[in-house]
Each structure stands twice: as structure tokens, then as C-alpha cells.
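First up is the structure itself, then whatever we jot down about it.
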Amino acid sequence: MTARRILLPFAAMALVAAAFVLPFGSSSNSNANAVAAPAEPVTAFTIMDNGQGLCDLYTIDLATGALTDLPAPSSEAACAADLAVSSNGTVYGIAGTQFFVVGSVSPAYDSLGGAELITFSADGTPSGQSLTVGGAPISGISGGSIAVDAAGTVYVIAINETTCDPRLAEPGSFTTGDTYAFSCLFTVNLSNGELTQVGEGFSPSTAVYGLTSCAATMWSLIPGLSLNSVDQSPASIGIAWASIDPTTGIPTEAGISTQLLGFDCVATGNKVYAMSTSGFGPTANAITPSAPAIPELGTVDPTTGVFTETVTMSNPTGYIFWSAFAVLPIPVEPEPAPVAPNFTH
């Protein structure tokens, strides 16, 4: 919130108090042009599936954990795997068929993943747009990762076999034409869904979970970034965080989290807000009404992986997409302009 300054009742001001009124918050002292700290967000968003493949965009009260279903009808088109919010409040999502590793039994492998950018209206109505490279649909997404920076640029992490760092697969692959499933960082042209690749590919054959653009860096969860980075002791098992250079796409491993997290930060700040499913296992991929762990809200330090709970979220009535989480920025209002005295007789 914008800091308010209380004007001292100087004697000179008292003499003219009946003649004019100074606007609350105005000041002539040296702090008049001070920059206010980024406002703390009070609202977040997530996606909930009703159990029949139809989804809704929900708001989350970050102070109480209360979930509120936006009024748009449930639809398959709203099933976004990850969310991001621009500074003007527009909610974006990414969806599409997951891209599987070489040898996967899923027929989705080596097929077009139908990856889409989803733009939600104020009432939660989704509008899908195909993500393309050179006008052609991309291969798919990996986990689901989308972010918006302070300038309004939308980034996604996706896979495209023909352009995203294609390399020959390891010996023993089913076909010699197979390639590793490399993830790449792209910027999105919002007018047509065309992607522009940033840097080279990373994290072969490993899902990438979530993406956020903070003031200092971008963050993502990339479990397979460095195969030898995690100690083999059970206490060290977890998911690796990586900071991603938005100009080169190069990831650098940071902390290790032992929880699956949906996460986001206000693009002008560096505090990372998070929604935790509290563990691994079959119930950790989605938060369900019957799941033993109630979802938690809080913050996470990606440099260490430590999650700090602030509030417990209300019980969901459906299946929450655990990685689909984004916070709504609150614009910092500038100090009001001085108002000229209005003398009366």
C-alpha cells in the first residue's frame, strides 16, 4: 500500500486552514518523490477440474485461503496447466498434450501436442490460441510453464522437435529418427501465437514445472537439470529449482524443494508466492477433495527450496491443477498531485 505521510500542524498552516485545504498525502519535504515499495498481492488464481474434464478459473484469497469460482461456465478449454498474470490483470494459461520421453507407451509421443495459449476474460471465460513456430503447431509442452515479465512479455517453456535443439536419441532408441525431448524457452507473440526461441534447449527428456518472471530472474522447477546434483540419501530427494536467464535461456540450478509447488511472483518484486501439495506420490499431481494433505499457501525461497506456510487453503470441491498458480499484481498508486489552494471569502 502507498505510504501515507501525516502533515504536522504548524502554526503558519493553522492561520490559513479555514481558507484552503491541502490534499491528504501531499508534502513538500525531501521524501515527496520517494518510490513506494511493491504492494503485496492479496489475490491469486488457480484451476480446478470438476472430475469430469471440465475446468474453472478460481480466485484464492491469500489472507484467508478461501477459493471463489469465477462465473464463467465450466469448460475443457479452461484446463490450463500453469497460469500467469500481467500487470493489467489479464490471466494467461498454457495447455496441451504432454510430450513424453523416448519409448513412452503413450501414442502422444512424436505427435503434435496441440499446445495453446489461453487468455481468460474477467469472468473466467477462456479463449485458446495455438502456439506455433514458423506457422506450424509445436510438438507439445512439458509440465506446463508460462510467465509474464514487468514489460508484459509472455514467456513459455515448450518442446518443438524440429527447432528446439534437436539431437539424436541415446543408443537403443526405438527409431533412429527419435530425438531427446528438449525443453526451450520462448517468447510469445500475443497477436498470433508465434513463438520465438530464446537460447538453446535444456533438460532433455524431463518435465519442466512452472515458470515465473521476477525482478531479478526467472525461476522454474527442473528435476532433471543435473542428474548428479542431488545426493542419493533419502533426505535429499526432491525437485531442483533453476534460475533461467531470460536473454539466453540458460538455466542455473539453485535449491531443492521436497514439495510440489505452484509458484509465482509479482514481476516487479522477488518474493515467490507458492501453493504446496505437501508431498510426492499419486495424490501429489493434483489436489483432490479426498487427498490427505490440505493445500497450503505461503512463500518459497528458490535458492534454498524452503517453503514457508502462511495460511491453509479451503478444501477444494474438485481437482486442483497443482502447478496452476499465479498472483494478481496490485499497481502502486503514485502520490496525488498537489492541488492549488481554493480561496473563499
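List of remarks:
- Only a single criterion out of (1) modelled with pLDDT of 95 or more; (2) part of a strand (DSSP E or B); (3) of a type in the set (Gly, Ala, Ser) is not satisfied by Gly128, namely (1).
- Taking the criterion of being touching a strand residue (DSSP E or B) at 6+ places or on another chain (Cβ under 8 Å) and either acidic (Asp, Glu) or surrounded by fewer than 24 Cβ atoms within 10 Å (Cβ to Cβ) (or both), the residues of the stretch 144-154 that qualify are Asp149, Ala150, Thr153, Val154.
- Close contacts from the stretch 32-45, counting a first residue that is modelled with pLDDT of 50 or more and crowded, with 18+ Cβ neighbours inside 10 Å and a second that is in a loop (DSSP other than H, G, I, E, B) and among the hydroxyl-bearing types (Ser, Thr, Tyr), with Cβ to Cβ under 8 Å and a gap of 6+ residues or different chains, come to Pro38/Thr268.
- Hits in the stretch 92-123 (condition: surrounded by fewer than 23 Cβ atoms within 10 Å (Cβ to Cβ), modelled with pLDDT of 50 or more and small (Gly, Ala, Ser)): Gly114, Ser121, Ala122
- Residue in the stretch 187-205 that is farther than 29 Å from Gly134 by Cα, more than 14 Å from the chain's Cα centre (by Cα) and modelled with pLDDT of 90 or more present: no
- Close contacts from the stretch 116-130, counting a first residue that is farther than 20 Å from Val156 by Cα and in contact (Cβ under 8 Å) with a residue 12 or more places away in the chain and a second that is in a strand (DSSP E or B) and of a type in the set (Asp, Glu), with Cβ to Cβ under 7 Å and a gap of 6+ residues or different chains, come to Gly124/Asp56.
- Selected residue (only one of Val327, Val311, Val332 is farther than 16 Å from Val208 by Cα, hydrophobic (A, V, I, L, M, F, W, C), at pLDDT 95 or above and surrounded by 13 or more Cβ atoms within 10 Å (Cβ to Cβ)): Val327
- Scanning the stretch 195-211 for residues that are outside any loop (DSSP other than H, G, I, E, B), aliphatic (A, V, I, L, M) and surrounded by 22 or more Cβ atoms within 10 Å (Cβ to Cβ) yields Leu195, Leu211.
The values are calculated or read from the model by the stated rules, or taken from the named source; none is laboratory data. These figures come from a predicted structure and were not determined experimentally. In this analysis, Cβ positions are derived from the backbone assuming ideal geometry, glycine residues included, and neighbour counts consider all displayed protein chains.
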